[in-house]
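Report on one structure; see the data block that follows.
The values are calculated or read from the model by the stated rules, or taken from the named source; none is laboratory data. Everything numeric here is computed off the predicted structure, so don't read it as measured data. Positions of Cβ are generated from backbone atoms using ideal geometry, with glycine treated the same way; all protein chains shown enter the neighbour counts. All accessible areas refer to the heavy atoms of the entire protein, side chains included, with ligands and DNA or RNA removed. Shrake-Rupley method; radii C 1.70, N 1.55, O 1.52, S 1.80 Å.
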Amino acid sequence: MKKWLAVISGLLLIGLVLTGCGNSADSKDSKSKETSALQEIKDRGKLKVAVFGDLSPYGYVDGEGKHQGYDIYLAKRLAKDLLGSEDKIEYVTVNAEERVDALKSNKVDVVLANFTKTPDREKVVDFADPYMKVAIGVVSPKNTAITKVKDLDGKRLIVTKGTTAETYFTKEHPDVNLEKYESKSQQFQALTDGRAEALADDNSYLYAWVKENPDFEVGIKEVGEVSTINPAVKKGNKELLNWVNDELKTLSAEGFFEKAYEETLAPFFGADIEAKDIIVTND
């Protein structure tokens with residue numbers, strides 16, 4: 001009898017040891033998963049960033065096939081500080097509707113494609129701190145300028161699918177007839193072709209667009225609430241989110257965003273717009 005009690009006690013002891021080992025392994029696995037996001041990027045050797053390819057001066061491809069613009073300027077610095085070189089970056093060109101899916105499907109690590117923070121989008125992605133501020137504006141031909149929102153009732157208004165402009169006018173002004181396009185280049189081409197009376201989009205780059213298209217003007221400079229543009233990461237990726245937020249604070253402290261504005265945006269806006277009208281610093 002004593003022998004059997006000894007055997008049973010031994011088996012119980014072994015079970016407890018194994019259970020402890022299992023818990024330890026599970027703990028290690030859990031910790032590994034929690035801290036693997038940045039390491040995965042480092043092991044890959046490239047930061048994958050979603051950007052626009054046709055939205056000058058924020059994110060566009062120049063005549064030599066190189067990515068340029070304010071968002072690109074920021075993306076390069078993120079890659080440099082995380083991986084040691086601004087060249088260790090993979091740009092993934094997206095349109096407005098593809099930004100969330102690019103994160104969900106792990107095609108990119110970060111979205112830097114003029115991504116306006118909204119309550120609906122916060123449900124599906126995690127936004128870092130802002131680096132720009134923006135409101136919806138409306139541009140139209142100078143000779144038939146639209147200066148009041150009520151003047152759009154019954155008229156055709158161009159928007160890009162998946163943008164805050166589309167959401168706002170759908171909800172707040174249902175009497176406006178929306179003409180929806182897939183990309184920024186398509187929507188601006190439609191306006192210049194006269195396929196609608198006006199176009200609504202972020203005022204910050206409408207200001208730049210009219211500089212290159214002097215027959216048009218931003219007759220309505222601000223519609224709805226002022227919003228912010230923020231980097232976004234996959235929902236639940238807290239490690240990368242925290243790193244990006246820390247990075248934004250560091251860059252703000254050194255005056256990075258003022259320099260980025262002067263080098264990428266100021267030449268497109270001219271003297272009418274100042275850095276403080278566009279950038280947001282995170283002190």
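In this structure the amide hydrogen of residue 146, modeled in the peptide plane, comes within under 5 Å of the amide hydrogens of 140, 219, none closer than 5 places in sequence on its chain. 3J(HN,Hα) along the stretch 235-245: 4, x, 7, 5, 5, 5, 4, 5, 5, 4, 4 Hz, from the Karplus curve 6.51 cos²θ - 1.76 cosθ + 1.60 with θ = phi - 60°, whole Hz, x for Gly and Pro. Between residue 193 and residue 262, the modelled labels are 4.2 nm apart [label points 7 Å from Cα along Cα→Cβ]. Taking amide H positions as modeled 1.01 Å from N, with prolines and chain starts lacking one, the residues under 5 Å from residue 181 and 5 or more places away or on another chain are 159, 160, 161. Derived value for the chain: Kirkwood hydrodynamic radius 21.0 Å. Basis is the mean of 1/r over every pair of different alpha-carbon atoms. Sorted from longest to shortest, the spans of the Cα atoms of the stretch 234-276 along the three principal axes equal 41, 22, 15 Å. Residues whose amide H falls under 5 Å from that of residue 227, counting only those 5 or more places apart or on a different chain, are 134, 135, with hydrogens built in the peptide plane. For the stretch 41-90, with all protein chains in place and a probe radius of 1.4 Å, 39% of the accessible heavy-atom surface sits on carbon or sulfur.
Each pair of Cα atoms in the stretch 189-283 enters the Kirkwood radius, and Stokes-Einstein at 37 °C and 0.692 mPa s then converts it into a translational diffusion coefficient of 207 µm²/s.
Cα centroid separation, the stretch 52-95 to the stretch 102-147: 17 Å. Here is the P(r) of the stretch 175-223: all C-alpha pair distances, binned every 5 Å from 0, give 4, 18, 33, 30, 13, 1, 0 in whole percents. Extent of the stretch 35-194 along its three principal axes (Cα atoms, max minus min coordinate, largest first): 55, 38, 24 Å. Each residue of the stretch 88-100 was assigned a 3J(HN,Hα) from its phi angle through the Karplus curve 6.51 cos²θ - 1.76 cosθ + 1.60 (θ = phi - 60°); the sequence is 8, 8, 10, 7, 10, 6, 10, 9, 4, 6, 8, 5, 5 Hz, with glycine and proline shown as x. Between residue 54 and residue 87, with labels modelled 7 Å along Cα→Cβ, what's the label distance in nm to one decimal, could you check? About 3.1 nm separates the two model spin labels.
Label sites at residue 123 and residue 148, each approximated as a point 7 angstrom past Cα along Cα to Cβ, lie 3.5 nm apart.
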